[in-house]
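Participant: Sharing a structure with you now.
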Amino acid sequence: MCGIIGIISEDHAADRLLEGLKRLEYRGYDSAGIATLVDGEIGRRRAKGKLMHLEDRLNENPLDGTIGIGHTRWATHGAATEDNAHPHATEKVAVVHNGIIENYAELKEELAKNQCRFETDTDTEVVAHLITHYMKQGKSPQDATNAALDRLEGAFALAIIFSGENNLLIGARQGTPLAIGYGDGEMFIASDSYALAPLTKKIAFLEDGDRVQVTREGARIFSNDNVEVERPIRITAQSGATTGKGAYKHFMLKEIHEQPAVIGDTMNSFVNPATGGIAIPQDVLDALSKAPRITMVACGTAYYACMVAKYWFEQTARIPCDIDIASEFRYREAPLPEDGVAIFVSQSGETLDTLEALRYCKSQKQKILSIVNTIESTIERESDMVLHTLAGPEIGVASTKAFTTQLTTLACMALALAIHKGAVEKNKAQQYTDALRHVPAQIAEALKSLEQQTEEIARDVFEVSDMLYLGRNLLYPLAMEGALKLKEVSYIHAEGYAAGELKHGPIALIDEQMPIVVLAPGNDPFFEKTASNLQENVARGAKVLLISDETGRKKLKDHITWSIDMETVEPFVAPIVYSLPIQLLAYHVAVTKGTDVDQPRNLAKSVTVE
């Protein structure tokens, strides 16, 4: 969600802090700021909106100093204003913070009685004042910070600098990720290793409860009971290269067009190109084969990938599978079976709801398998087994290539398990494997025509206020994902339904102003049932956009307003291939409306608060 960067060096800090924040833009934010020590005093520059506004402030009024902290904020407590932007500061302390201080209101009331004057609506300002309060009692910066941290409740990552302390940067982690970077005569702190990649390859990840005192010479890490501890320093695999849009107008469009390559890369990590065999790690197959049931947990788009995978695991591998939204899962205290496997799917590997669900499953003795895109994440480090989706950095907030590589990974895993268990006939397994291997080429071919088709339809529908998406079986979750994409980037209200469910209530919404998107490949086993549902809606005045192949289009040509034409695909892989048109439709509707496609309002890429 929010992003943190901190630097302590002999070189000018402000420019490097700004560059670090640019690498954290993908996380989503609505304001930004940096603070440095200028002649021993705290200097700040903050701005509402995009980093270019902060950069303008720094050009107009530069900040000197060789030690500093920076932050991109996604508003939780208090509106997205310059006053509420981080860093927050007193005359003695400047703080940047990711997460939520749950007991800030009582701390604020207590501090107000001690003549503290608050200037913002944020929970973070309490931290700066609380540390200052203890320093005024004569405590050192280190002791004052520890005293303050002992009183904080919630999930947080903090980076703190102090007036008059040109060689001290303090960090703390509780539930929200924080990494330390080791340089030559300089040190760094950041929300993730991606922000540090251009600065250093030597990274250590703090664990929950850790507090770190950073100087130019190194870092001392302490547990929350003040015992000095060591955390392994590793060489990060993150690339220091920045990611640009190239010839594309938006990152979202670029990432849509990258899908043939990244799906191919992901598939080639599991499918032997010479034999066609699927090679999932043996420990994963052994755990899944032994499990009486699989539990899958995720949020947002990753949750819809799990919904698709439930069909694959149950229909093909013949293993019971439960799926849950992470933010609800641990609170219902689900009883979990002995030898069960819990699978957690996350692009960032830092989603706090998913991470807490993972920890619940660990407490219930489940084997933990994570499927993540971002290497070296907290979810990966806390898992027993991990599979990587090889999507590369996904900068657009609305997930596209991460989703399809998640689907690819889950499909390979379900098929490998089915073969391992003997749950699928040999000929059928070969049919599914061949279909999977053909997906990158099918998507590459589809891109040649879908751009124009979806752009033309977008011009017809961009002014509507509501849309419905329908699908059955494997394409039911994809209908929900299509609706989510449209909501995320175009701000049009949309809902996805199982096609047969519409007549059980939502059909009351249907009128001439309500476009309906129907995902119905002509060779789908449930096509006739979906076609019947489509006609029920047409009879009530609905305008229908059919996403189908030639067979389906011919059967329904008299009942549709628009069509997006797809090649015939094996139903097993249809959710991967049919992701493309729903992504492009959402993109072109958003572009036609003029919304901020890559960083939609109110959204964050990595959600590190509950």
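Participant: R0 = 30 Å: FRET efficiency of D511 with D322, Cβ-based, nearest 0.05?
Facilitator: Values: r = 37 Å, r/R0 = 1.24.
Efficiency computed from Cβ-Cβ geometry: 0.20.
Participant: Over the stretch 492-610, with the other protein chains present, what is the accessible area per residue in square angstrom, probe 1.4 angstrom?
Facilitator: Numbers: 4700 Å² over 119 residues.
Per-residue accessible area for the stretch 492-610 comes out at 39 Å².
Participant: Which whole-Hz ³J(HN,Hα) couplings does the stretch 455-462 yield from phi under the Karplus relation 6.51 cos²θ - 1.76 cosθ + 1.60, θ = phi - 60°, glycine and proline marked x?
Facilitator: 5, 5, 5, 4, 5, 7, 10, 5
Participant: Now, a different point. Could you check the simple spin-label distance between L58 and Q282, using points 7 Å along Cα→Cβ, in nm with one decimal?
Facilitator: That separation, rounded to one decimal, is 5.2 nm.
Participant: Separate question: Calculate, in nm to one decimal, what T81 and K202 gain on full extension: separation in residues at 0.36 nm each, minus their alpha carbon distance. Intermediate values should be presented prior to the final figure.
Facilitator: Numbers: separation 121, 0.36 × 121 = 43.56 nm, distance 3.55 nm.
Fully extending the segment from T81 to K202 adds 40.0 nm.
Participant: Another question, then. Positive end of the dipole of the chain, charges at C-beta (+1 Lys, Arg; -1 Asp, Glu), about the Cα centre: which of V93, M385, I69 has its Cα farthest in that direction?
Facilitator: Selected residue: M385.
Participant: Once the other residues with Cβ under 15 Å from the Cβ of I42 are scored (Lys, Arg +1; Asp, Glu -1), what is the net sum?
Facilitator: On the way: positive: R44, R45, R46, K92; negative: D39, E41, D64, E91, E119, E125, E165.
In short, -3.
Participant: Something else now. Students often check this: by mean Cβ neighbours within 10 Å, which of 93-100, 115-122, 169-176 ranks highest, and how do the rest follow? Don't skip to the answer; put the middle values down first.
Facilitator: Details: 93-100: 27.6, 115-122: 14.4, 169-176: 24.5.
The peptides rank, most packed first, as 93-100, 169-176, 115-122.
Participant: While we're on this one: When the label point is put 7 Å from the Cα of E550 along its Cα-to-beta-carbon vector, which residues of the stretch 426-450 have a backbone N closer than 11 Å?
Facilitator: Counting backbone N atoms under 11 Å from the label point, the list is empty.
Participant: Taking R0 as 30 Å, what's the FRET efficiency between Y491 and K249 from their Cβ-Cβ distance, rounded to 0.05? Could the numbers behind the result be given before it?
Facilitator: On the way: r = 19 Å, r/R0 = 0.62.
So the FRET efficiency works out to roughly 0.95.
Participant: Still on this structure: Taking amide H positions as placed in the peptide plane 1.01 Å from N, state which residues far from I323 in sequence (5 or more) or on other chains have amide H under 5 Å from it.
Facilitator: Amide H neighbours of I323: M296.
Participant: Would you kindly calculate the translational diffusion coefficient of the chain, applying Stokes-Einstein with the Kirkwood radius from alpha carbon pairs, for 10 °C and a viscosity of 1.306 mPa s, and quote it in µm² s⁻¹ without decimals? Mind showing how you got there, number by number?
Facilitator: Details: Rh = 25.5 Å.
Translational D for this selection: 62 µm²/s.
Participant: Turning to a different aspect of this structure: Any idea how far apart N268 and R601 come out in nm if each label point goes 7 Å out from Cα toward Cβ?
Facilitator: Here the modelled spin labels are 4.3 nm apart.
Participant: Separate question: Report the gain in length on full extension from K50 to A105: 0.36 nm times residue separation, minus Cα-Cα distance, nm rounded to one decimal.
Facilitator: Numbers: separation 55, 0.36 × 55 = 19.80 nm, distance 2.91 nm.
Length gained, K50 through A105: 16.9 nm.
Participant: Kindly rank 566-574, 508-516 from highest to lowest mean number of other beta carbons found within 10 Å of each residue.
Facilitator: Working: 566-574: 19.6, 508-516: 15.3.
Ranked from most to least packed, the peptides come out as 566-574, 508-516.
Participant: Report the charge-dipole magnitude of the chain in Debye, nearest 20, computed about the Cα centre from +1 at each Lys and Arg Cβ and -1 at each Asp and Glu Cβ.
Facilitator: On the way: 61 positive and 84 negative charges, 189 e Å.
Dipole size: approximately 900 debye.
Participant: Give me the number: length gained by fully extending D466 to K503, i.e. 0.36 nm times residue separation minus the C-alpha to C-alpha distance, one decimal in nm. Before the final figure, lay out the partial values.
Facilitator: Working: separation 37, 0.36 × 37 = 13.32 nm, distance 1.77 nm.
Answer, rounded to one decimal: 11.6 nm.
Participant: Rounded to the nearest whole Å², what accessible area per residue is found for the stretch 53-192 with the 1.4 Å probe?
Facilitator: With all protein chains present, the stretch 53-192 gives 37 Å² per residue.
Participant: Run down the aspartates and glutamates and flag those whose C-alpha is under 12 Å from the C-alpha of K108, throwing out any fewer than 8 positions away in its chain.
Facilitator: Answer for K108, where 12 Å is the Cα cut-off: E119, D121, D123, E125, listed by chain and number.
Participant: Which cross-chain or sequence-distant (5 or more) residues have an amide H under 5 Å from the amide H of E82, H modelled 1.01 Å from N in plane?
Facilitator: Here K48 satisfy the definition.
Participant: Can you work out the FRET efficiency for the pair R220 and S289, with r the C-beta to C-beta distance and R0 = 41 Å, to the nearest 0.05? Write down the numbers at each step before the final one.
Facilitator: On the way: r = 46 Å, r/R0 = 1.12.
Plugging the Cβ-Cβ distance into 1/(1 + (r/R0)^6) gives 0.35.
Participant: Sticking with the crude label model, points 7 Å out along Cα→Cβ, report the distance from A539 to K139 in nm, one decimal please.
Facilitator: 7.2 nm
The values are calculated or read from the model by the stated rules, or taken from the named source; none is laboratory data. Computed from a prediction, not measured in an experiment: that's the story for all the values here. Methodologically, a virtual Cβ is constructed for each residue, glycine included, from the backbone with ideal geometry; neighbour enumeration extends over all protein chains shown. Side chains included, ligands, DNA and RNA excluded: accessible areas come from the protein's heavy atoms. Shrake-Rupley method; radii C 1.70, N 1.55, O 1.52, S 1.80 Å.
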